[in-house]
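These notes concern the structure reproduced below.
No lab work stands behind these numbers, since they all come straight from the coordinates. Remember, predicted model here, so these are calculated numbers, not experimental data. Because the Cβ atoms are built from the backbone with ideal geometry, glycine has one as well, and the counts that use them run over all protein chains shown.
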Amino acid sequence: MAFNSKTLAAFIKTSLTGPVQKEAHWLATRLVKEFQGQALAVLYYGSCLRTGKVEGLILDFYVIVEDYNKAYGKRALALANKILPPNVFYFEADKDKQTVRAKVAVISLDDFRKRTAAGCLNVSLWARFSQPARLILCRDKKTEDELVLAVTEAHKTMVAAALPLLEGKPSPENLWPKALSLTYGAELRSEQEGKGTKLFEANKKYCQAVTPLVLAALEGNPKQTRSQAKRAWSKRRLNGKTVSLLRLAKAAFTFSGGIDYLVWKIERSSGVKVTLKPWQRRHPFVAGALLFFQLRRRGAFR
């Protein structure tokens, strides 16, 4: 798609309303029915959006809800989402003899805004939504405006955090591989080294178009020194790895089929093969904890 907007917010709005695969739109429409009328919007992102491929893969969605308690009707799930957002689920449906699968993260609009803003220590939301995404469904214009603003802030947060650690003048080619690598290093990730560069290459036109707009939007903002930025990234890494581990533990209880998904994801990203035993599926929390330490020794996590 063409990128010719003059302001960052206008660019983000154009990008969010870009085209998606018919399977993604169809599954998103099915998905909103699962949340008791509390789904405000569905955001689509990730590898299937980047490559355009769906068959045999898992789509990545964020469902933005109005109220956790009303969305679930189950106190335990609502509480888990409030304490450590998002909750993550596996969802699938059959279309034209093809099974379309998705990983679905659920978060409130208020939590989404907070976790894409500059003050958020955890990188997971602002890192993901500083990359291309689509707003497939949205209830009303007010929600759309709020999400455009939040995704705009995600881009600003990402770039501002990386700028002090760059060598030389910022350009798309030295900014985005560095920024993406920093955020990947601030989570428990199974991806191999060089993922930041690969993501930049996959999104090169997007990054080239958005970079001057983000830099212009950041003009006049307070800037960190290099030493301040290094300390901030140390805090982000500690926070990110701790939160990632807690989310893995939570997923064992809240993510139906979660341990199978995690194994699939690890094998696909790192090449480390895992064969689950029946007892591991019966006791996913214990199995997940043991697998984490085993796989880390084998190099599946960084």
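At a 10 angstrom cut-off on C-beta neighbours, averaged per residue, how do the peptides 47-57, 32-42 rank from highest to lowest?
Put in order of decreasing packing, that is 32-42, 47-57.
Give the Rg/Rh ratio for segment 8-256, taking Rg as the radius of gyration of the Cα atoms and Rh as the Kirkwood radius, to two decimals.
Ratio of gyration radius to Kirkwood radius: 0.95.
Please identify the trypsin sites (Lys or Arg not before Pro) of segment 90-119 that satisfy two criteria: DSSP loop assignment and at most 14 other Cβ atoms within 10 Å. Which are they?
The qualifying sites are K97.
Hand me the trypsin sites (Lys or Arg not before Pro) from segment 184-242 located in a DSSP loop with no more than 11 other Cβ atoms within 10 Å, in residue order please.
Here the trypsin sites (Lys or Arg not before Pro) that fit, given the DSSP loop and packing criteria, are K223.
What is the P(r) of segment 1-145, as percent of Cα-Cα pairs per 10 Å bin from 0?
Spelled out bin by bin, segment 1-145 gives 11, 41, 37, 11, 1 percent.
Could you tell me the convex hull volume per residue, in Å³, taken over the Cα atoms of segment 181-249?
Measuring per residue, one finds 119 Å³ for the Cα hull of segment 181-249.
What are the ³J(HN,Hα) couplings of segment 60-66, residue after residue, when phi is run through the Karplus curve with 6.51, -1.76, 1.60 and θ = phi - 60°? Round to Hz, x for glycine and proline.
10, 10, 10, 9, 8, 10, 7
Take the alpha carbon atoms of segment 155-169, find their center, do the same for segment 32-81, and report the distance between the two centers in whole angstrom.
30 Å
Select from segment 147-250 those GluC sites (Glu not before Pro) which occupy a DSSP coil region and have at most 13 other Cβ atoms within 10 Å, ordered by residue number.
Of the GluC sites (Glu not before Pro), the ones in loops of segment 147-250 whose Cβ has at most 13 other Cβ atoms within 10 Å are E167, E193, E219.
Assuming R0 = 41 Å, can you tell me the calculated FRET efficiency for the pair L166 and E92, based on Cβ-Cβ distance, to the nearest 0.05?
Efficiency, rounded to the nearest 0.05: 0.45.
With label points built 7 Å along Cα→Cβ from the Cα atoms of K223 and L245, find their separation and express it in nm.
3.7 nm
My understanding is that a pair violates if its Cα-Cα distance is over 24 Å; which of K103/K195; K103/K273; K53/K97; K103/K141 do that in this structure?
Correct reply: K103/K141.
For the pair T275/T29, report the inter-label distance in nm, with labels modelled 7 Å from Cα in the Cβ direction.
It is 4.3 nm.
Can you give the FRET efficiency for K142 and K82, using 1/(1 + (r/R0)^6), R0 = 25 Å, r = Cβ-Cβ distance, to the nearest 0.05?
For R0 = 25 Å, the calculated efficiency reads 0.65.
Under a 5 Å amide H to amide H cut-off, with H placed in plane at 1.01 Å, what residues pair with S108 once short-range neighbours are removed?
Excluding prolines and chain starts, which carry no amide H, the hits are V65.
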